[in-house]
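A.B. asks: Have a look at the structure that comes next, please.
The values are calculated or read from the model by the stated rules, or taken from the named source; none is laboratory data. Since the model is a prediction, treat every value here as computed from it, not as a measurement. Every residue, glycine among them, receives a Cβ derived from its backbone with ideal geometry; neighbour counts consider all protein chains shown. Heavy atoms of the whole protein, side chains included, go into the accessibility calculation; ligands, DNA and RNA do not. Shrake-Rupley method; radii C 1.70, N 1.55, O 1.52, S 1.80 Å.
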Amino acid sequence: ILYSGSFAATDGVENLIHSFESIAEINKKVRLLLTGRGDKSRIESILDRINQSGYADKIIYLGYLAENQYYDTLKKADILCCPRIDSVYAHMGFPFKLGEFLATGKPVVVSRTGDVDLFLENKNSAIIIQAGNVEALTDGISYLIANPDEARRIGANGRKMAFTYFDYRKHGERLLSFMRSV
């Protein structure tokens, strides 16, 4: 299970750790990888939370990775998570990593914030959960673990959505076409 990002309070990393602990109780093989960088005090808070966990040995903070290491890590992960909390900020924005995560073809668990529902369908192109709901996050990840064929299907459909909606080249072509028409 992988999270990558800025570790902002709105990113829900603490919820992901809590969810992971529930999953690790049942599935001894799971690991949680955390990568990215953020405010020093936030990172220290997350590291303290990890150290307090009974599953600290299965939660690996990788820090900020060089580009090639980052993409290798994405390829090795089985499930990618964007677990935002229920906040005005989260609902007014869009998870930056979502398009990148979907493009991998791996299944993604994402909080229902912003315009996520305009692009993705729950259990078709992603697992979409209620923002800030640890139980929903746990259920979503557990569903993917328990249903590997479904996880592969969801990941493949998510990849299609990434190239349909989040490809910068397609958006650039549309913008150029618009500019020419003006």
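A.B. asks: Over the range 71-163, what is the mean sequence separation of C-alpha contacts under 8 Å (at least six apart), divided by residue count, expressed as relative contact order in percent?
C.D. replies: 34
A.B. asks: Any idea which of Val134, Val109, Ala156 is furthest toward the positive side of the dipole for the range 107-182, if Lys and Arg beta-carbons carry +1 and Asp and Glu beta-carbons -1?
C.D. replies: Most positive-ward Cα: Ala156.
A.B. asks: Of Tyr61, Val88, Gly99, whose Cα points farthest to the positive end of the dipole of the chain (charges on the beta-carbon: +1 Lys, Arg; -1 Asp, Glu; origin at the Cα centre)?
C.D. replies: Gly99
A.B. asks: Once you mark the trypsin sites (Lys or Arg not before Pro) that are in a DSSP loop and have at most 14 other Cβ atoms within 10 Å, what is the longest gap between them in the chain?
C.D. replies: The longest such stretch corresponds to 38-182.
A.B. asks: In percent, what relative contact order does the chain have, based on Cα pairs under 8 Å that are 6 or more apart in sequence?
C.D. replies: Relative contact order of the chain: 22 percent.
A.B. asks: Moving on to the next point. Would you please classify the overall shape of the range 1-89 from the alpha carbon gyration tensor, given that a ≥ b ≥ c denote the square roots of the eigenvalues, rounded means a/c under 1.5, and beyond that prolate means a/b larger than b/c while oblate covers the rest?
C.D. replies: rounded
A.B. asks: Which of rounded, prolate, oblate describes the range 86-182, given a ≥ b ≥ c as roots of the alpha-carbon gyration tensor eigenvalues and a/c under 1.5 marking rounded, otherwise prolate only if a/b is larger than b/c?
C.D. replies: It is oblate, given that a/c is not under 1.5 and a/b is not larger than b/c.
A.B. asks: Now, a different point. Can you list residues from other chains, or at least 5 along the same chain, whose modelled amide H is less than 5 Å from the amide H of Gly93?
C.D. replies: For Gly93, the qualifying residues are Gly114.
A.B. asks: Taking R0 as 25 Å, what's the FRET efficiency between Glu135 and Asp57 from their Cβ-Cβ distance, rounded to 0.05?
C.D. replies: Calculated transfer efficiency: 0.55.
A.B. asks: For the chain, with all protein chains present and a 1.4 Å probe, just round the carbon and sulfur fraction of the accessible area to a whole percent.
C.D. replies: 53
A.B. asks: I've got another one for you. How much accessible area per residue does the range 1-148 have, in Å², with a 1.4 Å probe?
C.D. replies: 49
A.B. asks: Under the rule of -39500 (n - 2.57) per DSSP H run of 4 or more residues, summed and divided by the residues of the chain, what mean residue ellipticity at 222 nm is obtained, to the nearest 500 deg cm²/dmol?
C.D. replies: One gets -16000 deg cm²/dmol as the mean residue ellipticity at 222 nm.
A.B. asks: I need the phi-derived Karplus couplings for the range 82-89: 6.51 cos²θ - 1.76 cosθ + 1.60, θ = phi - 60°, integer Hz, Gly and Pro marked x.
C.D. replies: Going residue by residue, I get 10, x, 4, 8, 7, 9, 4, 4 Hz, with x marking Gly and Pro.
A.B. asks: I'd like the projected area of the chain, averaged over all directions, using the convex hull of its alpha carbons. Report it in nm² with one decimal.
C.D. replies: 11.1
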